[in-house]
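*Asks:* This is the structure, below, for whatever I ask next.
Where a number appears in this text, it was derived from the coordinates with a stated rule and is not lab data. The structure presented is a predicted model; accordingly, all values stated were derived computationally and were not measured. Counting neighbours? That spans all protein chains shown, and the Cβs are built from the backbone with ideal geometry, glycine included.
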DNA sequence: CGGTCTCTTGACGGAGTTCAAAGCTAGTGG
DNA sequence: CCACTAGCTTTGAACTCCGTCAAGAGACCG
């Protein structure tokens, strides 16, 4: 951990940088403190930024035509969050992102992300590898939604986000699993 | 289209290369011709390679504990396919990949992929951007499995893979949508 | 301590599954 | 080129899991 630039050391853990590089990195991130309930992204916002989660918890959710919420992702420490579809194409968000436990996040814009990749190529490699892992995790989630019952998906969820029950409302978890809060309640009853 | 190296021009469409770079690229890919029914990857194989689809059609599927098949991905022209989870970590495949229409694919190993990224950094950038698109597409698929009925998912599927009905068995599509072949049959009946 | 948000419980309904059988279709060999 | 067969698709009937609606119990916060 480099005391001069804890942000760079935290976000790109394992990489080492020159002082000049630390400078380049630090200049591109902005710290944002969020209170529970605050919104980071609203539907229809143009998405210029992505966010690295230092602490706290956020969730990305989608509201369908019938008004129902569907949680696509939770983000806890060391996760990145944004509406990636909108971010990658700098277009309008289809999702909302809200803070569900007081959080500190580091914001970086799309432009600055691309600049960083050019200025410090090992960051592009680092992020690519991280994305490969996320990619694999997504594939796993699709598999689980195809092949598992609600009860099994709930078990998998507890493994993916250990200890998250303490931070997150059950109806948020239900909307992540693709079931209703009532069904989750019945599943939880069977568990004990 | 560079006549000296059609493979590089096809796979990295839009990028231009020096003759030396064309050489580097061509040396890393190997063309494989597949007949319908051939398997590219079996469960438990160590996955060293990924494949760029030049023509034909393949599918990646998972067999769950009860023996049921679940199609995770179809790949047609200009898609990449492999068991990405296993490929990124050079570990054992959980999925099977089979050819469902005679195909020509270009194979590249994990090592050669990494070498290519180092030797020609713009390829790393190119692939990263492509992956960002896939990432967004995955997110969309998760959303659709959470928020849409089987009938709506079938419509989305037809948009994602236009014209694929001609190549693919209905029970493969059903297993991609997460429903039974019987249910898909009933849905299709309503459509006409 | 009162009000609102969250979780639980019950009764009913519907989308999709399962199992079984019949109808098609495409590929193979005579 | 036709006939046969194996694989694929359709159809029907009963069943199951989960959703919906509604009401009550509990928890948290000012």
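*Asks:* Kindly put A:149, B:145 in sequence by how many other C-beta atoms sit within 10 Å of each C-beta, fewest to most.
*Replies:* The most exposed by this proxy come first: A:149, B:145.
*Asks:* Treating the angle as unsigned and between 0 and 90°, give the value, to the nearest 10°, between the Cα long axis of helix B:19-28 and the longest Cα principal axis of chain B.
*Replies:* The angle comes out at about 50 degrees.
*Asks:* Can you give the FRET efficiency for residue B:27 and residue B:90, using 1/(1 + (r/R0)^6), R0 = 30 Å, r = Cβ-Cβ distance, to the nearest 0.05?
*Replies:* With a Förster radius of 30 Å, E is 0.90.
*Asks:* Continuing with this model, one more query. Test of understanding: ordering A:164, A:25 by Cβ neighbours within 10 Å, fewest first, what list do you get?
*Replies:* Lowest to highest Cβ neighbour count: A:164, A:25.
*Asks:* Further question: Using only helices, what value at 222 nm comes out for chain B when you add -39,500 (n - 2.57) per DSSP H run of length 4 or more and divide by the total residues, to the nearest 500 deg cm²/dmol?
*Replies:* Rounded to the nearest 500, it is -14000 deg cm²/dmol.
*Asks:* Let a ≥ b ≥ c be the square roots of the eigenvalues of the Cα gyration tensor of the protein assembly as shown; is it rounded (a/c under 1.5), or, if not, prolate (a/b larger than b/c) or oblate?
*Replies:* Note, shape of the protein assembly as shown comes out oblate.
*Asks:* Taking 30 Å as R0, compute the FRET efficiency from the Cβ-Cβ separation of residue A:43 and residue A:13 and round it to 0.05.
*Replies:* Computed FRET efficiency for residue A:43 and residue A:13: 0.40.
*Asks:* If you don't mind, there's one more thing I want to ask. Averaged across the residues of B:175-186, what count of C-beta atoms belonging to other chains lies within 10 Å of each residue's C-beta?
*Replies:* That works out to 1 on average.
*Asks:* Given R₀ = 22 Å, FRET efficiency for residue A:166-residue A:137 by Cβ-Cβ distance, to 0.05?
*Replies:* So the FRET efficiency works out to roughly 0.50.
*Asks:* Continuing with the same structure: Hey, for a label at residue B:68 modelled as a point 7 Å past Cα toward Cβ, could you say which residues of segment A:149-192 have their backbone N under 20 Å away?
*Replies:* Counting only backbone N, you get A:149-157, A:177-180, A:183-184, A:187.
*Asks:* Across peptide A:126-137, how many C-beta atoms of other chains are within 10 Å of each residue C-beta, on average?
*Replies:* Per residue, the number of nearby Cβ atoms from other chains is 4 on average.
*Asks:* If you don't mind, another one. Going by how many other Cβ atoms sit within 10 Å of their own, how do B:176, A:117 line up, fewest first?
*Replies:* Placing the least packed residue first, the sequence is A:117, B:176.
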